[in-house]
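To keep things clear, I will list the structure first and then write my remarks on it.
Please treat every number below as a calculation from the coordinates, not as lab data. Because the structure is a prediction, the values reported are computed rather than measured. Don't worry about glycine lacking a Cβ; one is built from the backbone with ideal geometry, like all the others, and counts go over all protein chains shown.
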Amino acid sequence: MLHACTTKTLAMLIVFLVPVTIVFSQGTNSAPYQSGQANGQAPVTNEQQNPNFRSPQLTPEQQAAQQRAAQEAFAAQQQKKIIQPEGFPLSAEHTQYVDDLLSYWEQNSNAVSKYKCNFRRFTYDTDIVDWRAPQSNQLAAHEVAFGEIRFAAPDRARYETTRVMRFAEPPQQPGGEAKYKESEGNSEHERWICDGTRIYEFDFQNKRLTESEMPQEMQGNIAESPLPFIFGGNKTQVLKRYWVRSATPKGVENEYWLELYPKRIQDARVYSKIELVIAKEDFLPKAMHMYDAQYNPAKGNEASKYFTFESRQVNNQLDKFKDALGLFVRPKLPDPTWKRVEFNQIQNQAATPPQLQIPSGVAGSPPATRRDP
């Protein structure tokens, strides 16, 4: 569930989460998407048409600019395929409410220098586990992960799982709880660290530590996250990237619920909808549900990730001391059997959440909780 780094992390940096999980190229040599591609067929090159043709030699800067132009053209072409969700556009009153709520969230985002929370991530997939509680019909998660998220302004972050549990068997008696078994070792654990200029991702299964340089324009701010919105939200960027509406259930007094639908094909390839729950007490995200791009219960696809964010702390003075111990610095290899893999620079080719910051404590008065019909 609150993924510049390798493909696995970014399809989830950022989000934050998401698992979030976030999608970038595997390095500067990866071929960009071309606007002329169709049905999986690459366009015919000049070299293929004329063997005597030789492409002019381009500098790395020119190649990067050419790749960005191709990516932007492809994204613009694909954007036309996104259909506005049912229920949009919103009424004038509903639109104003969402605008006020996002403005307040953004206002609170600017006062945070330190942030820390624990999280639990419930991963659902009926292809793996399709057991449901008889009374509630609640689908059982096939995996439950526990972990910690840290942030230090303006551009340092750390995300890691510390424990992973897998579905073992359904309850043996009516009304009982399903049994989960903790995964042995740390091969299924996840960890990435951002020091402001580089991203370090641990691949525990293959014992690789990937080190990726962030492009200059992305440095100085946490622009990407494995968990969208865990670091707050810039209203302009959020509304540019998502259709947003309030979805607070009737009777809920201390939470603000939002539904967010991706406007861009890059994001829509990762998830079809996000449900975000913001706590009224500190105006921090307390839960997030990310629905898979192919989520469709009618067709038997209920793949999704649900996060809860607990023990949230903002601007804790003790964290300043812990940061000095090296939580966000270039990590050493865990042991001699590990290998360090470096990418010079990451090219953004797909889904990246909006430019985000962590919301801080309450400053002022948020809009009254909306109760949607």
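Between E160 and E148, what length in nm is gained on full extension when 0.36 nm per residue of separation is reduced by their alpha carbon distance?
Working it through step by step, the gained length comes to 3.8 nm.
Which entries in the list K263/K305; K240/K286; K286/K339 go over 25 Å, if you measure between the two C-alpha atoms of each?
K286/K339
Pulled fully out, how much extra length does the chain show between N118 and Q172, if you take 0.36 nm times their separation in residues and subtract their Cα-Cα distance?
Result for the pair: 16.4 nm of gain on full extension.
May I ask you to sort L318, L209 by Cβ crowding, counting other Cβ atoms within 10 Å and putting the fewest first? Write out the running numbers ahead of the final one.
Values: L318 10, L209 21.
Listed from fewest to most nearby Cβ atoms, that is L318, L209.
At 37 °C and a viscosity of 0.692 mPa s, what translational diffusion coefficient does Stokes-Einstein give for segment 89-183, taking Rh as the Kirkwood radius over Cα pairs? Give it in µm²/s as a whole number.
On the way: Rh = 17.0 Å.
D, rounded to a whole number, is 193 µm²/s.
Based on the mean of other beta carbon atoms within 10 Å per residue, what is the order of 261-267, 174-180, most packed first?
Averaged packing, sorted descending, gives the order 261-267, 174-180.
Check cross-link reach from K114 to the aspartates and glutamates: straight Cα distance under 15 Å, and skip same-chain residues fewer than eight apart.
Reachable aspartates and glutamates: E148, D155, D195, D282, D319, D323.
PRE reach from W131 (point 7 Å along Cα→Cβ): which of segment 156-175 fall under 14 Å by backbone N?
The answer is 166-175, whose backbone nitrogens lie closer than 14 Å to the label point.
Would you mind ranking F204, F88 so that the residue whose beta carbon has the fewest other beta carbons within 10 Å leads the list?
F88, F204
Between A279 and D100, what's the calculated FRET efficiency when r is the beta-carbon distance and R0 is 22 Å? Round to 0.05.
Values: r = 17 Å, r/R0 = 0.79.
Calculated transfer efficiency: 0.80.
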